[in-house]
Every structure is written in C-alpha cells, then in structure tokens.
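The values are calculated or read from the model by the stated rules, or taken from the named source; none is laboratory data. The model shown is predicted, which means the values in this text are computed figures rather than measured ones. Backbone-built Cβ (ideal geometry, glycine too); neighbour counts: all protein chains shown. With ligands, DNA and RNA removed, areas are computed over all heavy atoms of the protein, side chains included. Shrake-Rupley method; radii C 1.70, N 1.55, O 1.52, S 1.80 Å.
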Amino acid sequence: MEIKLDAIDRRILQLLQADGKRKIKEIAHELQMTNTPVFERIKRLEKDGFIRGYTALIDRAKLGFMLTVFCAVNLEQHHKAYLDQFEADIRELPEVAACYHLAGMFDYLLKVYVKDMADYQFFITQKLASLANIGRVQSSFVMTEVKEESVLPID
C-alpha cells in the first residue's frame, strides 16, 4: 500500500534532511503552522518509515579515516544460503559503510573506510578473505571525493 505525502510532509522531510536537530517549533514557524500538527506529522513520518532515524554526520578525516575504497566482490557460489551468509558477515565488519548487491560484472560492491593502506590490507587479508565463498575481489581507491550527499531530492 503506497502512502501519499502532501506538500507539507515533503517540506518537513526537506527541513529535517538539512538539519536533523531542527526543533519542532522552528519547523512549525517555517511552515506557518502550530507545533502540535507538525509534531504529529513527524511522528507519522517516523511510524510509516519515511524517517528511519537521526544521526550526526562525522568528518572521517578528523578521525583519521583517510582512505575510502570501493571493493567489488564476486562470490564462488550463488545459492541463497551463501548470499545470506555473505550479507550477514558483511554487516558485522565495521569498516564496511555500505554494501550493495549488484547485477552485472560483480556480485557486491562494498564502500570501505579505513585509516590507510595498511588498514585496508589487514581488512582484505584478515577479514574479507576469511569469509566463506569469496571468489574474486577488485579494489578501487578514491583519490578525491567530489560529492557525497545524504540528502534526497524531495520535490
């Protein structure tokens, strides 16, 4: 069942994407509404899954994570149990910021944050290589991050 969002719901999502710490009072003022209906709409957006949670965006470099790697992985076997196990194992690796199941040349694409090449070598040789069913791995190293957004273009 598709849930319809009106213009106010969409504007609330835009405002919260720009600043998740924005107070209900500020949002209500921006929308020229009172606090209660804005609060109720936000709670409904959370309940309906449009808002999955709130988080802080951390500067990776300030914490020493200087290397971003896209790691393409092919598995040896493609039975459902193997796919499920790989995905469960990947969720446990803190270096993996994102994992995508792909159609095409590779089975999975991992976005990995590490401090340096030695950390990445440890990740590959001690963590990823220890997972069952790993076939081939190809790594691409980010030289410059041109754009990374967590904001969706809500109209």
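Quick notes on this one:
- Folded to 0 to 90 degrees: helix 7-18 orientation relative to the chain principal axis, Cα: 50
- Spin-label model, Gln14/Val146: points 7 Å from Cα along the beta carbon direction are separated by 2.6 nm.
- Burial ranking of peptide ranges 106-118, 85-97 (average Cβ count within 10 Å, highest at the top): 106-118, 85-97
- Computed lengthening from Gln138 to Ala103, 0.36 nm per intervening residue step minus Cα-Cα distance: 11.0 nm
- Length gained when the stretch Leu93-Ala56 is fully extended (0.36 nm per residue, less Cα-Cα span): 11.3 nm
- Relative contact order, whole percent, for segment 1-144 stands at 26, derived from Cα pairs under 8 Å and 6 or more residues apart.
- Accessible surface area normalised per residue over segment 1-60 is 77 Å², counting heavy atoms of protein chains with a 1.4 Å rolling probe.
- Note that segment 25-42 has calculated 3J(HN,Hα) couplings of 4, 5, 5, 4, 4, 4, 8, 6, 10, 8, 5, 4, x, 5, 4, 5, 5, 4 Hz, one per residue in order, obtained from phi through the Karplus relation 6.51 cos²θ - 1.76 cosθ + 1.60 (θ = phi - 60°); glycine and proline are x.
- 31 Å Cα-Cα threshold exceeded, pairs from Lys23/Lys127; Lys25/Lys62; Lys80/Lys111; Lys21/Lys111; Lys43/Lys127: Lys23/Lys127; Lys25/Lys62; Lys43/Lys127
- Fully extending the segment from Met1 to Ile24, taken as 0.36 nm per residue of separation minus the present Cα-Cα distance, adds 5.4 nm.
- By the helix-only formula, in which each DSSP H run with n ≥ 4 contributes -39500 (n - 2.57) and the sum is divided by residues, the chain has a 222 nm mean residue ellipticity of -9500 deg cm²/dmol.
- Alpha-carbon gyration tensor eigenvalues x 5, square-rooted, for the chain, Å: 38, 20, 13
- Surface composition of the chain: carbon plus sulfur atoms hold 54% of the accessible area, using a 1.4 angstrom probe and ignoring ligands, DNA and RNA.
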